[in-house]
Amino acid sequence: MSQQPDPASIIRYALEESRGRGLDSLGQLNHAVRRVLHLRPDMGRSRVESLVQEAMWPRPPRVGRSVGAGIPVPHRAPAVLRQSPSTRD
């Protein structure tokens, strides 16, 4: 059984090759997608495009599940907000 090349290594090589040619980011993306599809015809184009975009522009790691992870959340509203409208000036 023949072993197929790893898409990540194909992408890395194709991006290095396209950068060496002086291609812009869109040209690099297209070149890497074409290279992977040529060597791995079993993969779908949209999946390959996603892998190449992730290799070019990796997402920052997620800190936590909530948007404000690391920011303390008050358990009660501040006293100013708890006052009824009639007691405020």
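The values are calculated or read from the model by the stated rules, or taken from the named source; none is laboratory data. Just so it is clear, the structure is predicted and the values come from calculations on it, not from any experiment. Please note: Cβ atoms are built from the backbone with ideal geometry, for glycine as well, and neighbour counts cover all protein chains shown.
Some notes on this structure:
- Condition met for Pro7 (at pLDDT below 95 and exposed (fewer than 13 other Cβ atoms within 10 Å of the Cβ)): no
- Residue check for Asp42: modelled with pLDDT of 60 or more, among the acidic types (Asp, Glu) and part of a loop (DSSP other than H, G, I, E, B): yes
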